[in-house]
Amino acid sequence: MNPDLFKKGAMADRREVGVDIVDIRRIRLSYERYGEQFLERVLTEREIGYCRKKKDMMSSVAARFAAKEAVSKAIGSGMSRGFSWKSVEVVNDEHGKPSFRVLDKAFGVAGENIRLSLSHSGDYAVAFVFLDL
């Protein structure tokens with residue numbers, strides 16, 4: 001990751017988008033193969049707890065997986081160069097609206113600057129991220 005990219009003012013007045021679609025069957029297979037280790041690698045404890053409460057846990061896991069991929073694309077790093085699965089956490093407000101809680105402050109992006117939309121249906125989960133800097 002280019003460290004200058006996230007310095008104060010470097011990304012001012014920029015808007016970025018990121019989108020990702022995930023095959024829920026692939027997430028389910030990863031969980032069947034690696035179990036809790038898979039969940040603990042890609043989700044925070046809070047996210048795991050939220051997903052466990054859902055009727056179809058794997059759809060929620062897949063949506064969060066897609067969200068993290070999408071935000072990494074919007075930031076421009078992808079899932080490498082310093083951005084990790086635990087850099088952000090997907091949280092939901094009292095109405096169920098998803099948003100990000102930024103856990104890795106090194107990116108210089110606040111959660112309120114990231115808009116998130118999640119959806120899942122059938123075999124797929126999708127996330128769309130709008131980053132307003």
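The values are calculated or read from the model by the stated rules, or taken from the named source; none is laboratory data. All values reported here derive from a predicted model rather than from experimental measurement. Every residue, glycine among them, receives a Cβ derived from its backbone with ideal geometry; neighbour counts consider all protein chains shown.
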Checklist entry - Of the numbered conditions (1) of a type in the set (Gly, Ala, Ser); (2) touching a residue at least 60 places away in the same chain (Cβ under 8 Å); (3) closer than 11 Å to Gly18 by Cβ; (4) not in a loop (DSSP other than H, G, I, E, B), Ser60 satisfies every one except a single condition; which is it? => result (3)
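Does Gly49 satisfy the condition of being free of Cβ contacts under 8 Å to residues at least 12 places away in the same chain and not in a loop (DSSP other than H, G, I, E, B)? Outline the logic, then answer.
Working: free of Cβ contacts under 8 Å to residues at least 12 places away in the same chain: yes; not in a loop (DSSP other than H, G, I, E, B): yes.
Yes; evaluated as a whole, the condition is true for this residue.
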Checklist outcome for this item: Selection from the range 102-133 of residues modelled with pLDDT of 95 or more and among the hydrophobic types (A, V, I, L, M, F, W, C) yields Leu116, Leu118, Ala125, Val126, Ala127, Phe128, Val129, Phe130
Checklist entry - Restricting to the range 102-127, what's the tally of residues that are loosely packed, with under 15 Cβ neighbours inside 10 Å and either more than 25 Å from Asp13 (Cα to Cα) or of a type in the set (D, E, K, R) (or both)? => result 7
Item to check | Residue satisfying all of: in the range 75-101; at pLDDT 90 or above and hydrophobic (A, V, I, L, M, F, W, C); surrounded by the most Cβ atoms within 10 Å (Cβ to Cβ) among these | outcome: Val88
Item to check | Among (1) at pLDDT 95 or above; (2) part of a helix (DSSP H, G or I); (3) out of contact with any Lys or Arg (no Cβ under 6 Å at 6 or more places or on another chain); (4) surrounded by 15 or more Cβ atoms within 10 Å (Cβ to Cβ), the one test that Val71 misses | outcome: (1)
